[in-house]
Structures are given as C-alpha cells and as structure tokens.
1. Figure the gain on full extension for Arg46 and Glu23 (residue separation times 0.36 nm, minus the Cα-Cα span) and round it to one decimal in nm.
2. Rg(Cα) of region 1-50 divided by 2.2 N^0.38 Å?
3. For region 3-113, what is the accessible area per residue in Å² when the probe is 1.4 Å?
4. Considering only protein heavy atoms and a 1.4 Å probe, what is the carbon-and-sulfur percentage of the accessible area of region 1-54?
5. Net charge around Thr50, counting only other residues with Cβ within less than 15 Å of its Cβ (Lys, Arg = +1; Asp, Glu = -1)?
6. Find the Rg to Rh ratio for region 18-116, where Rh is the Kirkwood radius over alpha-carbon pairs and Rg uses the same atoms.
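The values are calculated or read from the model by the stated rules, or taken from the named source; none is laboratory data. It should be emphasised that the depicted structure is a prediction, and the values quoted were computed from it without experimental measurement. Backbone-built Cβ (ideal geometry, glycine too); neighbour counts: all protein chains shown. Side chains are part of the model used for accessible areas, which takes the heavy atoms of the whole protein and leaves out ligands, DNA and RNA. Shrake-Rupley method; radii C 1.70, N 1.55, O 1.52, S 1.80 Å.
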Amino acid sequence: MKLQLHSIEHAPTNVPYWRTLMEDLCNPPAHRVAKVLGMSRRTIQRYNATGYAPRYACLAVFWLTSWGRSAVHTQAHNDAVMMVSYVAGLRSQVAQLEARITHLVRIGDFGAANEPDKYLASRSTHHDQVR
C-alpha cells in the first residue's frame, strides 16, 4: 500500500478575497507583504486599493491566515490518526503471522521433499526395521 498524505488536489478550492485575507493578517504594511511574496510594493498597494488580487497571490497568503493554519493543523491531525490506525493494522498482521509461524513450528518439522539426506536416512532406517 502506498500512502500519499499530500497532493496538489488538497489545495483549497475557495480562497477568500485579498481584502479578507489582509484583515485576517491584521493588515500588514505593503512592503512586508511584498517582501514575503517577492513582489513589488506598488503591486501590493494596488491589490490593497482594489481589495482583489490574482488567485495565486491569494493562495500564497492564505496559508499564513488563521484559516490556512487551521487547514494545515487539521490535515496533520487527520494524517496522524490515519497513520496510528495503519500502524495498529500492521501490528495486528505481524501478531497473526507470528502466531501462524509458532503454530507451524509447534506441529513439527517434516523436512522438505528435496532434502535427500533426510529422505535417505529415514528410508534406510525404515528398511532396516522391516528386515
């Protein structure tokens, strides 16, 4: 089983408007946002003035907001719960396999059909007893 805890499909489908994102971040100065996003201060000032920004800018800022952090923490919690269950399942399988091995060892070692030494030794012993 291949586990994939993250993928591009986990990106939020609905991202709040720029103005809402900035309000959640307590309206940081344009130069600070520009530095974080690698954009010009003038571009951020334009986004602030209109209240709108391209989706990629909103998506980048989203992860810094309380909603983005909550989404990340929720996903991390869910991943941890899933992994605990997965490990418990694996431990159960290991216990079952160990019990099966113990049972097989307990019922005896009859050797393999392709072990000529054991086969010949048991045949000669049987042959000696018949005579």
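1. Roughly 6.7 nm would be gained on extension.
2. Rounded to two decimals, the normalised Rg is 1.57.
3. That works out to 74 Å² for each residue.
4. Accessible surface attributable to carbon and sulfur in region 1-54 totals 53 percent.
5. Local charge sum for Thr50: +3.
6. On the Cα set of region 18-116, Rg over Rh gives 1.57.
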